[in-house]
Amino acid sequence: QVQLVESGGGLVQPGGSLRLSCAASGIAFSAYAMNWYRQTPGKERELVAGLTSGGITNYADSVKGRFTISRDNAKNSVYLQMNDLKPEDTAVYYCNAIFWRYTYWGQGTQVTVSS
(Lines give C-alpha, C1' and ligand atoms only; values in the text may rest on other atoms or scores of the structure.)
Protein backbone atom coordinates (compact mmCIF):
# COMPACT_ATOMS: atom_id res chain seq x y z
CA GLN A 1 0.00 0.00 0.00
CA VAL A 2 1.38 3.35 -1.05
CA GLN A 3 1.35 6.16 1.49
CA LEU A 4 2.59 9.73 1.35
CA VAL A 5 2.34 11.46 4.71
CA GLU A 6 2.97 15.18 4.98
CA SER A 7 3.85 17.01 8.16
CA GLY A 8 5.20 20.36 9.28
CA GLY A 9 2.37 22.68 8.39
CA GLY A 10 0.99 25.26 10.76
CA LEU A 11 0.47 28.92 11.49
CA VAL A 12 3.38 31.30 10.94
CA GLN A 13 3.76 35.06 10.80
CA PRO A 14 4.74 36.82 7.56
CA GLY A 15 8.48 36.61 7.06
CA GLY A 16 8.69 33.38 9.00
CA SER A 17 9.79 29.91 7.95
CA LEU A 18 8.39 26.40 7.89
CA ARG A 19 9.78 23.09 6.77
CA LEU A 20 7.37 20.58 5.31
CA SER A 21 8.19 16.88 5.22
CA CYS A 22 6.69 14.04 3.22
CA ALA A 23 7.43 10.46 4.16
CA ALA A 24 6.75 7.86 1.48
CA SER A 25 6.18 4.15 1.82
CA GLY A 26 5.21 1.39 -0.58
CA ILE A 27 7.13 2.81 -3.56
CA ALA A 28 10.66 2.63 -4.94
CA PHE A 29 11.19 6.16 -3.72
CA SER A 30 14.51 6.92 -5.41
CA ALA A 31 13.00 6.29 -8.84
CA TYR A 32 10.18 8.79 -8.39
CA ALA A 33 10.08 12.45 -9.19
CA MET A 34 8.74 14.24 -6.13
CA ASN A 35 6.70 17.41 -6.17
CA TRP A 36 5.00 19.82 -3.81
CA TYR A 37 1.69 21.34 -4.88
CA ARG A 38 -0.60 23.73 -3.09
CA GLN A 39 -4.27 24.60 -3.34
CA THR A 40 -6.55 27.30 -1.97
CA PRO A 41 -10.35 27.21 -1.99
CA GLY A 42 -11.80 27.85 -5.43
CA LYS A 43 -8.46 27.56 -7.20
CA GLU A 44 -6.74 24.79 -9.08
CA ARG A 45 -3.92 22.91 -7.47
CA GLU A 46 -0.62 24.49 -8.53
CA LEU A 47 2.90 23.13 -8.70
CA VAL A 48 5.16 24.80 -6.17
CA ALA A 49 8.38 22.83 -6.54
CA GLY A 50 9.61 19.66 -8.19
CA LEU A 51 12.64 17.43 -7.85
CA THR A 52 13.45 14.65 -10.30
CA SER A 53 15.07 11.37 -9.39
CA GLY A 54 18.22 12.76 -10.97
CA GLY A 55 18.26 15.84 -8.79
CA ILE A 56 16.88 18.47 -11.16
CA THR A 57 14.70 21.06 -9.46
CA ASN A 58 12.08 23.46 -10.70
CA TYR A 59 10.07 26.11 -8.88
CA ALA A 60 7.05 28.27 -9.44
CA ASP A 61 8.09 31.86 -10.12
CA SER A 62 6.22 32.98 -7.02
CA VAL A 63 8.47 30.96 -4.70
CA LYS A 64 11.86 31.14 -6.41
CA GLY A 65 14.54 32.27 -4.01
CA ARG A 66 12.34 31.57 -0.98
CA PHE A 67 11.52 27.86 -1.13
CA THR A 68 13.90 24.91 -1.46
CA ILE A 69 12.95 21.34 -2.26
CA SER A 70 15.21 18.48 -1.23
CA ARG A 71 15.05 14.74 -0.77
CA ASP A 72 16.67 12.04 1.31
CA ASN A 73 16.39 8.73 -0.51
CA ALA A 74 17.71 6.85 2.51
CA LYS A 75 14.72 8.10 4.49
CA ASN A 76 12.20 7.94 1.62
CA SER A 77 11.43 11.56 2.31
CA VAL A 78 11.10 14.84 0.50
CA TYR A 79 11.19 18.26 2.11
CA LEU A 80 10.13 21.80 1.34
CA GLN A 81 11.97 24.53 3.20
CA MET A 82 9.88 27.69 3.04
CA ASN A 83 11.44 31.00 4.03
CA ASP A 84 10.18 34.57 3.98
CA LEU A 85 6.62 33.34 3.94
CA LYS A 86 3.89 35.64 2.68
CA PRO A 87 0.13 35.65 3.30
CA GLU A 88 -0.37 34.52 -0.30
CA ASP A 89 1.51 31.31 0.51
CA THR A 90 -1.43 30.26 2.65
CA ALA A 91 -2.77 26.99 1.23
CA VAL A 92 -3.01 23.27 1.71
CA TYR A 93 0.28 21.76 0.57
CA TYR A 94 0.32 18.34 -1.04
CA CYS A 95 3.16 15.92 -1.64
CA ASN A 96 3.12 14.14 -5.03
CA ALA A 97 5.14 11.23 -6.38
CA ILE A 98 5.36 10.44 -10.09
CA PHE A 99 7.01 7.61 -11.98
CA TRP A 100 5.93 6.70 -15.51
CA ARG A 101 2.15 6.23 -15.34
CA TYR A 102 2.05 5.98 -11.57
CA THR A 103 1.17 9.03 -9.50
CA TYR A 104 0.35 9.27 -5.83
CA TRP A 105 -0.79 12.05 -3.50
CA GLY A 106 -0.59 12.75 0.18
CA GLN A 107 -3.50 13.99 2.26
CA GLY A 108 -2.18 17.56 2.50
CA THR A 109 -1.00 19.81 5.29
CA GLN A 110 -2.32 23.29 5.99
CA VAL A 111 0.03 26.26 5.93
CA THR A 112 -1.38 29.56 7.18
CA VAL A 113 0.66 32.76 7.01
CA SER A 114 -0.95 35.48 9.09
CA SER A 115 -0.12 38.06 11.70
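The values are calculated or read from the model by the stated rules, or taken from the named source; none is laboratory data. The model shown is predicted, which means the values in this text are computed figures rather than measured ones. As a convention, Cβ positions derive from the backbone with ideal geometry for all residues, glycine included, and neighbour counts pool all protein chains shown. With ligands, DNA and RNA removed, areas are computed over all heavy atoms of the protein, side chains included. Shrake-Rupley method; radii C 1.70, N 1.55, O 1.52, S 1.80 Å.
Remarks
- Which numbered condition Gly16 misses (of (1) under 19 Å from Leu4 (Cβ atoms); (2) open to solvent by less than 70 Å² (accessible area, probe 1.4 Å)): (1)
- Matching residues in the stretch 1-29 - criterion: being over 17 Å from Trp105 (Cβ atoms) and assigned to a strand (DSSP E or B): Gly10, Leu11, Val12, Leu18, Arg19
- Set Ser21, Ser25: member being hydroxyl-bearing (Ser, Thr, Tyr), more than 19 Å from Pro87 (Cβ to Cβ) and surrounded by 17 or more Cβ atoms within 10 Å (Cβ to Cβ): Ser21
- Exclusive hit being on the phi < 0 side of the Ramachandran plot and within 12 Å of the chain's Cα centre (by Cα), set Thr57, Thr68: Thr68
- Strands (runs of 3 or more DSSP E) lying entirely in the stretch 30-92 (those with 2 or more residues that are open to solvent by less than 50 Å² (accessible area, probe 1.4 Å), closer than 23 Å to Ser114 by Cβ and among the aliphatic types (A, V, I, L, M)): 46-51, 77-82
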